[in-house]
Amino acid sequence: MRGAVLHAPGDIRVEEREDPRIGAPTDAIIRLSATCVCGSDLWPYRGIDKVAEPAPMGHEYVGIVEEVGSAVRNVRKGQFVVGSFFASDNTCDICRAGYQSSCVRRVGVGANGAQAEYLRVPLADGTLVATPDVPPADLIPSYLAASDVLGTGWFGAVAAEVGPGKTVAVVGDGAVGLLAVLAARHLGAERVIAMSRHEPRQNLAREFGATDIVTERADDGVARIKELTGGLGADSVIEAVGTQESMMQAIRATRPGGHVGYVGVAHDVRLPGDELFFSHVHLHGGPAPVRRFLPELIELIGSRRIDPGKVFDLSLPLDQAAEAYRAMDERRAIKVLLQPEESDK
């Protein structure tokens, strides 16, 4: 099969990889209908996360079940399924508490490389959720968004205790931040402030429900949030970047007693204990337990009450994965959908 492999910073190649096979009775093989490039894929692409050897890429996926192991009961061949970036059994105590991304048996699906034509998914019964029917083509991007960026934005909003009547600020205007805006509005937020300097992203944030746009960053961004909230700060702030600057901006923009939901993959973030102590801000976040939200998100998408697929502003065949990475790295695209079925055979 064809699949994207990162050889070195900036060096993505689509090449022949071994076809996946059932390795355990709990595995499933899916033929990918769509996959995509994630903002977190850019960390190794830029050389910030080190890659010691060629690595298959991709952890977001939807597709048709081709084969299941002998122990798989919840999905069957021919079903269209949505998965998440951590495989989980969905039965352990941690999973039952709603934190499947910390399952005691969790497996990182990204190691198998979802930017490809086929994918082996471990712990299929606990990881994959089938849609009621094979969806029409126009819904596939939205289901793909549910496998990571929508589920992650949703968790950011839930972790930030977003609810009716609240003012919410979102730090980060990538796909996760934009879909956190959508999640916040769906969860009843009265006011959603998107922090963005880029007009196309601002426009999509407004389409997803943002009521205000703040272009300032760092201390200036904090000052602007406080100006908009009577000097207090937002009730809920969603941090969707993962840098020291974005985390401190989120904490400082939150009112005492408010909540920060952090879902940006953290890179060298260090919190000053004295400031945190006196802030009275709640912090909660981490790798999103996407599996917790998939049944609800699939229902919302299938009934067309939300349209998160709009976050994909560029679609390319799989064989153009290198251009997909360049477009996102250069911020020419918010998020790029890759179509395995269009790759050259």
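Between the helical axis of 199-208 and the longest alpha-carbon principal axis of the chain there is an angle of about 90 degrees. If you average 1/r over all unlike Cα pairs in the chain and invert the result, what Kirkwood radius do you get in angstrom? That comes to 20.2 Å for the chain. Ordering of 69-76, 84-91 by packing is 84-91, 69-76, highest average first (other Cβ atoms within 10 Å, averaged per residue). Here the translational diffusion coefficient of the range 14-112 follows from Stokes-Einstein with Rh set to the Kirkwood radius across Cα pairs; for 25 °C and 0.890 mPa s it amounts to 162 µm²/s.
Approximating the spin labels as points 7 Å out from Cα along Cα→Cβ, the Arg31-to-Asp212 distance works out to 5.1 nm. Within the shell defined by Cβ-Cβ distances under 10 Å, the residues around Val214 carry a net charge of -1, with Lys and Arg each +1 and Asp and Glu each -1. Each label point was placed 7 Å from the Cα along the Cα-to-Cβ direction; for Glu275 and Val104 their separation is 3.9 nm. Angle of helix 175-186 to the longest C-alpha principal axis of the chain, folded into 0 to 90 degrees and rounded to 10: 70°. Which residues among the range 119-162 fall inside the zone where the amide N is under 19 Å from a point 7 Å beyond the Cα of Ala97, along Cα→Cβ? In the range 119-162, the label zone of Ala97 (backbone N under 19 Å from the point 7 Å along Cα→Cβ) covers 155-156, 158-161. For the chain, the fraction of 1.4 Å probe accessible surface lying on carbon and sulfur atoms is 49 percent. Rolling a 1.4 Å probe over the heavy atoms of the protein chains gives the range 271-320 an accessible area of 51 Å² per residue. The value obtained for the range 260-345, namely the Cα convex hull volume divided by the number of residues, is 174 Å³ per residue.
Free of any GluC sites (Glu not before Pro) that DSSP assigns to a loop and that have at most 10 other C-beta atoms within 10 Å, the longest stretch within the chain is 19-329.
Heavy-atom accessible area, probed at 1.4 angstrom with all protein chains present, ranks Lys310, Lys77, Lys50, Lys335 as Lys50, Lys77, Lys310, Lys335, highest first.
Considering the range 183-330 at the alpha-carbon level, its Rg and Dmax are found to be 17.0, 52 Å.
Placing +1 on the Cβ of every Lys and Arg and -1 on the Cβ of every Asp and Glu, with nothing else charged, gives the range 93-168 a dipole about its Cα centre of roughly 280 debye.
Computed packing ranks the peptides 140-147, 288-295 as 140-147, 288-295, most packed first, by mean other Cβ atoms within 10 Å.
Scoring 230-238, 21-29 by mean Cβ neighbours within 10 Å over their residues and listing the highest first yields 230-238, 21-29.
If I take every Cα pair under 8 Å that is 6 or more residues apart in the range 22-87, average their sequence separation and divide by the length, what percent do I get for the relative contact order?
Values: 99 pairs, mean separation 26.8, N = 66.
Computed over the range 22-87, the figure is 41 percent.
Between the beta carbons of Val51 and Leu232, assuming R0 = 56 Å, the FRET efficiency works out to 0.80 to the nearest 0.05.
The values are calculated or read from the model by the stated rules, or taken from the named source; none is laboratory data. All values reported here derive from a predicted model rather than from experimental measurement. Please note: Cβ atoms are built from the backbone with ideal geometry, for glycine as well, and neighbour counts cover all protein chains shown. What goes into the accessible areas is simple: the full protein's heavy atoms, side chains included, and nothing from ligands, DNA or RNA. Shrake-Rupley method; radii C 1.70, N 1.55, O 1.52, S 1.80 Å.
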